[in-house]
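I have placed the structure first, in the form of structure tokens, so that the comments after it can refer back to it.
The values are calculated or read from the model by the stated rules, or taken from the named source; none is laboratory data. This is a predicted model, so every value here is computed, not measured. For neighbour counting, all protein chains shown are included, and Cβ atoms are generated from backbone atoms with ideal geometry for every residue, glycine included. For accessibility, only protein heavy atoms count, side chains too; no ligands or nucleic acids. Shrake-Rupley method; radii C 1.70, N 1.55, O 1.52, S 1.80 Å.
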Amino acid sequence: MVRRFCGKSERFWELDFARGICVLLMVFDHFMYCLFDIMPSLNEMFGTSLFAEAEDLAISWWLSDLRVNGRLLVITAFFLLCGISSTLTRGNFRRCIPLALVAAGISAVTAILEQWGLGMRVLFGVIHMLAAGIFLYAVFDEAASAVGALLGKGRASQIARNLLRLLPGVVGVVLLIWYFTAAAQFTFTDGQWEIISKIPAQWSEEENILRATFVYLLNFRYPSGDYFPILPWAAVVLAGGIIGRLVYHTDARYAFSRLDGAWNSGFCFLGRHAAVIYIAHMVVIPVLFAAAAFCVSLFV
């Protein structure tokens with residue numbers, strides 16, 4: 001099969017495949033987090049010791065070089081894929097609205113769970129950032145389209161319109177260059193890559209939290225179980241738009257079509273439903289752990 005369609009939208013298997021791998025790794029990462037952070041609280045609640053022997057293993061994984069460096073690569077790839085996908089639809093405003101509503105729901109539910117001692121609340125995590133990134137892409141893309149509509153007809157006007165559609169990606173690249181020259185830097189310490197902010201946390205706690213929603217602050221621990229500030233991550237989403245425009249709006253988009261087949265169907269399925277799977281697994285994994293602890297407690 002050369003191309004796949006979902007409604008009227010053309011799908012490219014390699015994007016679904018890569019997205020599927022990313023979301024599977026994210027689910028595994030959250031599974032390990034639940035083993036050492038949520039499972040002990042559940043064991044205390046139900047008077048059990050389920051998976052207690054796996055707690056040290058999960059902590060070792062969480063702190064390992066493989067996990068820290070791999071996580072940075074996976075989330076960067078995931079956000080770039082989001083930016084690429086944003087070039088394949090004109091409904092980005094519609095895409096960001098349900099994400100924003102889900103993000104608000106995640107914040108509300110995790111705030112309640114935090115009161116019960118089950119993990120930390122999520123103030124501004126992956127879904128929050130993706131909603132912001134897609135919204136920014138939609139704003140810049142619609143602005144580019146509006147300007148392009150004023151250029152009239154002709155080959156030169158069409159070329160100008162095509163160049164204008166690169167605007168979101170160009171903004172993203174410019175923001176990333178500014179960010180990693182003026183506001184932060186990559187460091188490699190003890191085998192781990194890390195983004196270190198140059199902006200000090202010099203305001204009140206409330207002001208630091210607000211500012212840290214937009215950018216990392218130096219030596220400031222953002223009170224959230226999941227945290228991805230708008231810079232640099234929304235800029236990565238925007239930058240993915242350049243790849244989308246230069247590859248998936250040219251003949252190069254069919255470069256991998258001959259490799260498509262049944263062999264990739266599993267990962268492609270995960271990729272096509274990445275948003276649902278990512279959101280659902282945040283609830284399903286803790287619920288399954290709680291159900292398992294409850295069932296074991298009946299025989300203790």
Checklist entry - Name the residues in the range 126-162 that are open to solvent by less than 30 Å² (accessible area, probe 1.4 Å) and farther than 20 Å from ALA239 by Cβ, would you? => result GLY148, SER157
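Just to verify a result, which residue in the range 22-49, among those that are of a type in the set (Val, Ile, Thr) and out of contact with any His (no Cβ under 7 Å at 6 or more places or on another chain), is nearest to TRP116 (Cα to Cα)? Write out each step before concluding.
Going through the range 22-49, the residues of a type in the set (Val, Ile, Thr) turn out to be 23, 27, 38, 48.
Filter once more, so that each one left must be out of contact with any His (no Cβ under 7 Å at 6 or more places or on another chain): 23, 38, 48.
Details: VAL23: 28, ILE38: 11, THR48: 17 Å.
Once the filter is applied, the top-ranked residue is ILE38.
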Checklist entry - Could you give every pair whose Cβ atoms fall below 9 Å, whose first residue belongs to the range 155-171 and is among the small types (Gly, Ala, Ser) and modelled with pLDDT under 90, and whose second residue is in a helix (DSSP H, G or I) and surrounded by fewer than 19 Cβ atoms within 10 Å (Cβ to Cβ), counting only separations of at least 6 or pairs across chains? => result SER157/GLY148
Item to check | Residue identified as under 28 Å from ARG245 (Cβ atoms) and touching a residue at least 12 places away in the same chain (Cβ under 8 Å) among VAL174, VAL139, VAL147, VAL122 | outcome: VAL147
Checklist entry - Are any residues in the range 245-266 charged (D, E, K, R) and open to solvent by 60 Å² or more (accessible area, probe 1.4 Å), and if so, which ones? => result ASP251, ARG258
Next on the checklist: Being surrounded by 16 or more Cβ atoms within 10 Å (Cβ to Cβ) and modelled with pLDDT under 95 is the requirement here; does CYS34 meet it?
Outcome noted: yes
Checklist entry - Mind checking which pairs have a first residue in the range 259-277 that is of a type in the set (Gly, Ala, Ser) and a second that is open to solvent by 40 Å² or more (accessible area, probe 1.4 Å) and not in a loop (DSSP other than H, G, I, E, B), Cβ under 9 Å, 6 or more apart or different chains? => result GLY271/PHE17; GLY271/ILE21; ALA275/PRO98; ALA275/VAL102
Next on the checklist: Looking only at residues that are closer than 19 Å to HIS273 by Cβ and of a type in the set (Val, Ile, Thr) in the range 44-96, which one is surrounded by the most Cβ atoms within 10 Å (Cβ to Cβ)?
Outcome noted: ILE84
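Does ILE106 satisfy being surrounded by 15 or more Cβ atoms within 10 Å (Cβ to Cβ), modelled with pLDDT under 95, among the hydrophobic types (A, V, I, L, M, F, W, C) and part of a helix (DSSP H, G or I)? Steps first, please.
Values: surrounded by 15 or more Cβ atoms within 10 Å (Cβ to Cβ): yes; modelled with pLDDT under 95: yes; among the hydrophobic types (A, V, I, L, M, F, W, C): yes; part of a helix (DSSP H, G or I): yes.
So ILE106 fits the description; yes.
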Next on the checklist: Against the definition (open to solvent by 30 Å² or more (accessible area, probe 1.4 Å), within 25 Å of GLY119 (Cβ to Cβ) and polar (S, T, N, Q)), how does ASN219 come out, yes or no?
Outcome noted: yes
Checklist entry - Is it the case that SER197 is free of Cβ contacts under 8 Å to residues at least 12 places away in the same chain, open to solvent by less than 80 Å² (accessible area, probe 1.4 Å) and out of contact with any helix residue (DSSP H, G or I) (no Cβ under 6 Å at 6 or more places or on another chain)? => result no
Next on the checklist: Residue under question is LEU175, and the condition is that it be under 13 Å from the mean Cα position of the chain (by Cα) and buried (at least 20 other Cβ atoms within 10 Å of the Cβ); does it hold?
Outcome noted: no
Item to check | Only one of MET32, MET45 that is free of Cβ contacts under 8 Å to residues at least 60 places away in the same chain, in a helix (DSSP H, G or I) and more than 30 Å from ILE243 (Cα to Cα) | outcome: MET32
